[in-house]
1. Just name the residue that is modelled with the lowest pLDDT out of those in the range 111-138 that are in contact with a strand residue (DSSP E or B) (Cβ under 6 Å, 6 or more places away or on another chain), more than 17 Å from residue 95 (Cα to Cα) and not hydrophobic (A, V, I, L, M, F, W, C).
2. From the list 60, 48, pick out the single residue that is within 27 Å of residue 134 (Cα to Cα) and either touching a Ser or Thr at 6+ places or on another chain (Cβ under 6 Å) or not aromatic (Phe, Trp, Tyr) (or both).
3. Of all residues in the range 76-90, which are surrounded by fewer than 17 Cβ atoms within 10 Å (Cβ to Cβ) and aliphatic (A, V, I, L, M)?
4. Does at least one position in the range 73-96 carry a residue that is farther than 26 Å from residue 111 by Cβ and within 15 Å of the chain's Cα centre (by Cα)?
5. When you check residue 61 against the structure, is it crowded, with 17+ Cβ neighbours inside 10 Å and either within 14 Å of residue 103 (Cα to Cα) or of a type in the set (Val, Ile, Thr) (or both), yes or no?
6. Would you check if there is a residue in the range 55-67 being of a type in the set (A, V, I, L, M) and over 11 Å from the mean Cα position of the chain (by Cα)?
7. Looking at residue 113, is it out of contact with any helix residue (DSSP H, G or I) (no Cβ under 9 Å at 6 or more places or on another chain), more than 13 Å from residue 60 (Cα to Cα) and surrounded by 16 or more Cβ atoms within 10 Å (Cβ to Cβ)?
8. Can you name the condition, by its number, that residue 93 falls short on among (1) part of a loop (DSSP other than H, G, I, E, B); (2) surrounded by fewer than 21 Cβ atoms within 10 Å (Cβ to Cβ)?
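The values are calculated or read from the model by the stated rules, or taken from the named source; none is laboratory data. Just so you know, these numbers come straight off a predicted model, no measurement behind them. Please note: Cβ atoms are built from the backbone with ideal geometry, for glycine as well, and neighbour counts cover all protein chains shown.
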Amino acid sequence: MSHDDARGRVETAFTTYHRSFFLIELLALEISYRDDACVVRFPVDDFLRDPEGAYPGGLLATVMDVAMAHLCKHLNGHAGATITLNTEFLQPLLTGPAVCEARFSRHGRSIGFAEAEIRDGEERLVAQGTAVSVVRLIGTCVRRQINWDMGEGSATEALAPFG
């Protein structure tokens, strides 16, 4: 990717973040759904590589988190909130395009357990991760927390969705 192309990607991310998510645009994530999975395809761009030439692990974790959140939104109507995110990096991501696939391994009324894996352009497994997420009532909880932070309501009301 040329310097001008990289600059264009950053500028697009800045101008579209209000209707999308900045990192989805910056990383050029293409999100789709298949059966009970969220599939995220993305290029392995030169301007995002680390000094050793690999795609950074933090960005791989971000892609897995985005995939698992989008899976939650696709199946439940809202993205939920990640409680824990565990990642394992098995080998460097050097070739693309890469593909991340996320699925729920278990799903309860309020908590979901998801897993994701990322494969490189040659379909080799390069990273895998798991997440635990709050999958319902998060909008209510966030609104109550904001109200509580502004001096309206009580801690009991703010935490009610978890009780």
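1. So the residue we want is 112.
2. It is 60.
3. Within the range 76-90, 81, 83, 90 qualify.
4. No, the conditions are met nowhere in the range 73-96.
5. Working: crowded, with 17+ Cβ neighbours inside 10 Å: yes; either within 14 Å of residue 103 (Cα to Cα) or of a type in the set (Val, Ile, Thr) (or both): no.
No: the conditions fail for residue 61.
6. Here is the first cut: in the range 55-67, the residues of a type in the set (A, V, I, L, M) are 59-61, 63-64, 66-67.
With the extra rule that they be over 11 Å from the mean Cα position of the chain (by Cα), the set shrinks to none.
Within the range 55-67, none of the residues are of a type in the set (A, V, I, L, M) and over 11 Å from the mean Cα position of the chain (by Cα).
7. Values: out of contact with any helix residue (DSSP H, G or I) (no Cβ under 9 Å at 6 or more places or on another chain): yes; more than 13 Å from residue 60 (Cα to Cα): yes; surrounded by 16 or more Cβ atoms within 10 Å (Cβ to Cβ): yes.
So residue 113 passes the test.
8. (2)
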